[in-house]
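These notes are about the structure you will find just below.
The values are calculated or read from the model by the stated rules, or taken from the named source; none is laboratory data. Just so we're clear, the structure is a prediction, and the values are computed from it rather than from any experiment. For accessibility, only protein heavy atoms count, side chains too; no ligands or nucleic acids. Shrake-Rupley method; radii C 1.70, N 1.55, O 1.52, S 1.80 Å.
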Amino acid sequence: MSALRAARALAGLSQDELAALAGVSRQIIVRLEKGESNVLVDAIEKVRDALEGQGVVFIDGNAGHGPAVAMVRPDR
């Protein structure tokens, strides 16, 4: 979840707004953005699902680049 802060910014959400969408505490968002490893997988999945529901796409890193995020284009 190293790209979480970028994903949240792309979606235009505050930590409080993301926490409410995901059904977790703001402290969970803070801990994830700090890269703390002692966060339950269930909470991570809730946050990822909430961001994906806002149109965020997570892109896995590889040898050429690190993890990234993007927004889905709205239908035209």
Assuming 0.36 nm per residue, please report the length gained on full extension of the stretch Gln27 to Ala6 beyond their Cα-Cα distance. 5.8 nm
Whole-number percent relative contact order across the chain, with pairs defined as alpha carbons under 8 Å at least 6 apart: 33 percent
For Arg26, what accessible area in Å² do you get when you roll a 1.4 Å probe over the heavy atoms of the protein chains, rounding to the nearest 10? 110 Å²
Label of the coordinate-derived value, percent of Cα pairs over 19 Å apart, listed as [x] 31; [y] 27; [z] 68: [x]
Figure the gain on full extension for Ala70 and Glu17 (residue separation times 0.36 nm, minus the Cα-Cα span) and round it to one decimal in nm. 17.2 nm
Could you give me the ³J(HN,Hα) list for segment 10-26, computed from phi with Karplus coefficients 6.51, -1.76, 1.60 and θ = phi - 60°, whole Hz, x at Gly and Pro? 4, 7, x, 10, 7, 4, 5, 5, 5, 4, 5, 4, 7, x, 10, 7, 4
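What number comes out for accessible area per residue over the chain if the probe is 1.4 Å? Units Å², please.
65 Å²
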In whole percent, and with a 1.4 Å probe on the protein chains, what portion of the accessible area of the chain is carbon and sulfur? 50 percent
Enumerate the amide H contacts of Val69 below 5 Å, restricted to partners 5 or more residues apart or on another chain; note that Pro and chain-start residues carry no placed amide H. Ile59
